[in-house]
1. When the range 206-262 is examined, which residues are found to be open to solvent by less than 40 Å² (accessible area, probe 1.4 Å) and under 20 Å from ALA285 (Cα atoms)?
2. Of everything in the range 275-324, what is among the hydrophobic types (A, V, I, L, M, F, W, C), touching a Gly at 6+ places or on another chain (Cβ under 9 Å) and farther than 29 Å from VAL360 by Cα? Give them in sequence order.
3. Just name the residue that is modelled with the highest pLDDT out of those in the range 212-222 that are over 22 Å from SER170 (Cβ atoms) and touching a strand residue (DSSP E or B) at 6+ places or on another chain (Cβ under 8 Å).
4. When you go through GLY121, GLY176, GLY90 one by one, which is the residue that is at pLDDT below 90 and open to solvent by 20 Å² or more (accessible area, probe 1.4 Å)?
5. Give the range 249-264 a look and list any residue that's among the charged types (D, E, K, R) and out of contact with any strand residue (DSSP E or B) (no Cβ under 7 Å at 6 or more places or on another chain), or say none.
6. Which residues, taken from the range 332-365, are over 25 Å from TYR127 (Cβ atoms) and open to solvent by less than 70 Å² (accessible area, probe 1.4 Å)?
7. Would you point out which residue out of PHE169, PHE218 is in contact (Cβ under 8 Å) with a residue 60 or more places away in the chain and aromatic (Phe, Trp, Tyr)?
8. Does ASP168 satisfy the condition of being part of a strand (DSSP E or B), open to solvent by 20 Å² or more (accessible area, probe 1.4 Å), modelled with pLDDT of 95 or more and not small (Gly, Ala, Ser)?
Amino acid sequence: MKNFSIFAVLAGVLCAVPHVAGAAYSAYPSYQGGQMVMPSNGQMMYPVVGNSVSVGTGSYSMPYNRAVAAQPNRITGALPRVGSSQTTAGRSYYQPADYDRLADSGLYVGLSVAYTASVIGSMGTDYAGEEDAYTVPGAFQAADFDSDSVIPLQISVGAAINNDIRIDFSYLRYSGIGYPKTVQTSDGAGGFVEAQVDGGAITANTTMLNVYYNIDSFTGYLAGGALRPYVGAGVGISLNTIADYVVYDNTFYSVLDPAYAAAGQLTGISDIYAYHNGGTTEEFAFMLEGGVTTEMQGGIKLDFFVRYANLGKIKTSGSIVLSQIEWLGDGAAGEYEAPYDSVFHYTNWYESGRLGMVDVGARLRLQF
């Protein structure tokens, strides 16, 4: 009797399984329940996926679970541009085609050509406070550098660290700059006179380590996705060279009234030529750059940029050779030109000035 009770409980549990399973999978409408029917010939059949199967004179049907995955919600409409703060279904979307097309990847070499829109800086004398400094004509009042067309060239080799940051090492050369053509030199009496300058070409050879960062995550792409904005900064060393130059002052400087001068006494000075030896200085340099990137055929990127470069100081060697005409009293209230050459050599009398540039240009970058 006890064995019969246990058998009854087990039978009840087995009969309840299909109903429980149906309830457990109620989220799947394709689920169908049923009962197995043994064939009349007593032949044992294996389960087959499907509603029913007939074998011989009998048939059976058995429960099965055709689980159909829930369909995701389809999002329609245009996705926001790269960098857009707009979201759909709680997620920011990007446009891979545009993003990958302008992405920086791997090593690259670059060549840039620019036009210097502004040369910033001026030249002055470091010896303006010296006694009798007026006898050595120079830029006692700071004078702006002279320039016509400055076309800086840059060669760079670098690599993209990731899709937003790239680093390169560059060589940048400036030429076409010169010492000012005219300067205001002291007249020794509190005023200034104009002196002419010849020579003094300036060149700068600069090596820098530069870092560039794409800012489209803040601004989005420009021009319908064709332009990618970026900013950059660099630091390095600049070798600044100024060539020899001569300053000519044709002013007549009176030293003593000839009426009171003894014979052979110095009464005046004129036609002063000051030959300045140039020099090369090694200076700390830095640059700031902003621009946009677009793509050309063959994996070439094209950067359009505006750059500010500070190249440090331009400085002479401090050596000045001066030639002048001296006038001597004749002892009869008159004066005459001395029959000899008057030449002086000054050392440690430097002239210098800081040099900066604002460039507008384009850079081709070939990626590997």
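The values are calculated or read from the model by the stated rules, or taken from the named source; none is laboratory data. A quick note: this is a predicted structure, and the numbers were derived from the prediction, not measured. Cβ placement follows ideal geometry from the backbone for every residue including glycine, while neighbour counts extend to all protein chains displayed. Just so you know, the surface numbers come from the protein's heavy atoms only, side chains and all, with ligands and any DNA or RNA stripped out. Shrake-Rupley method; radii C 1.70, N 1.55, O 1.52, S 1.80 Å.
1. Matches in the range 206-262: THR206, MET208, ASN210, TYR212, GLY232, GLY234, GLY236, SER238, ASN240, ILE242.
2. Within the range 275-324, ILE320 is the sole residue that qualifies.
3. Among them, the one singled out is ASP216.
4. GLY90
5. Start the filter on the range 249-264 by keeping residues that are among the charged types (D, E, K, R), which leaves 249, 257.
Result: ASP257, single match.
6. Matches in the range 332-365: ALA333, GLY334, ALA338, MET357, VAL358, ASP359, GLY361, ALA362, ARG363, ARG365.
7. PHE218
8. Judged against the criteria, ASP168 is not a match.
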